[in-house]
1. By per-residue mean of other Cβ atoms within 10 Å, what is the highest-first order of 117-127, 43-53?
2. Under a 5 Å amide H to amide H cut-off, with H placed in plane at 1.01 Å, what residues pair with residue 18 once short-range neighbours are removed?
3. List the lysines whose Cα lies under 21 Å from the Cα of residue 181, skipping any in the same chain that are fewer than 8 positions away.
4. Which residue, chosen from 187, 114, 151, occupies the Cα position most advanced towards the positive end of the dipole of the chain, where the dipole is computed from +1 (Lys, Arg) and -1 (Asp, Glu) charges on Cβ about the Cα centre?
5. With a ≥ b ≥ c the root eigenvalues of the C-alpha gyration tensor of the chain, is it rounded (a/c under 1.5), prolate (a/b larger than b/c) or oblate?
6. What distance in nm separates the simple spin-label points at residue 33 and residue 162, each placed 7 Å from Cα in the Cβ direction?
7. Projected onto the charge dipole of the range 6-190 (+1 at Lys/Arg Cβ, -1 at Asp/Glu Cβ, origin at the Cα centre), which of 124, 43, 171 gives the Cα projection farthest towards the positive end?
8. Given 81/178; 18/120; 18/184; 96/120; 81/153; 96/178, which pairs have Cα atoms separated by over 31 Å?
Amino acid sequence: METKPLFSTINAGKYKGKKILLPSLESTRSTKAILKGSFFDSVHYDIVDELFVEVFGGSGSMGLEALSRGAKHAYFIEKDKAAFSTLKRNCESIDKTHTTALHGDSFLLFPTLVAHFTCKAYFYFDPPFSIREGMESVYEKVLSLIASIPQEKVHLIAIEHMSTLVLPEVIGAFTLQKTKKFGKSSLSYYA
């Protein structure tokens, strides 16, 4: 039996209504629409003409939404081969000029990517939840990665995580601004 492709859509901005292909649920977990809406309600027009980095790219739905809402360029890092293929297709169909998709391990590629930035960016971290096999230490690694980001390169850091996880008040130079809960997922903001 052939499975039908899964889609999401861009909610607002110049690409509103455009479809985004979603990778298989075995390799990624897509961001809930309510959480995505809340995030973009929070950053509103602040992301216009800014860089946006989706550190665990998946389908690219957050970065492509940011682009649609006026971000200057969206960067994505995705390790899973099938998910990366989907991400590339989404970038090409939405806006290949203002997207950069990198295939590889976020923990290895991210520091090099950030080192090339000459301005501040918005960073969105949505790692695989630690309940997945082989991901038990993913949050420790994410916190360490965030602590390594130079303060002068950050507008805002958002972390999508399991609601059962309580993140620290301070990560490196960044302080927790707020956490919003959406059932099993939560979104924490650092600046």
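Throughout, read-outs are computed from the coordinates displayed, never taken from laboratory work. Bear in mind the structure is a predicted one, so any value in this text is a computation, not a measurement. So basically every Cβ, Gly included, is an ideal-geometry build from the backbone, and we count neighbours across all protein chains shown.
1. 117-127, 43-53
2. Distant-sequence amide H within range of residue 18: 10.
3. 32, 36
4. Checking the options against the dipole of the chain, the answer is 187.
5. rounded
6. Each label point lies 7 Å from its Cα, and together they span 2.7 nm.
7. In the range 6-190, that residue is 43.
8. Checking Cα-Cα distances, 81/178; 96/178 exceed 31 Å.
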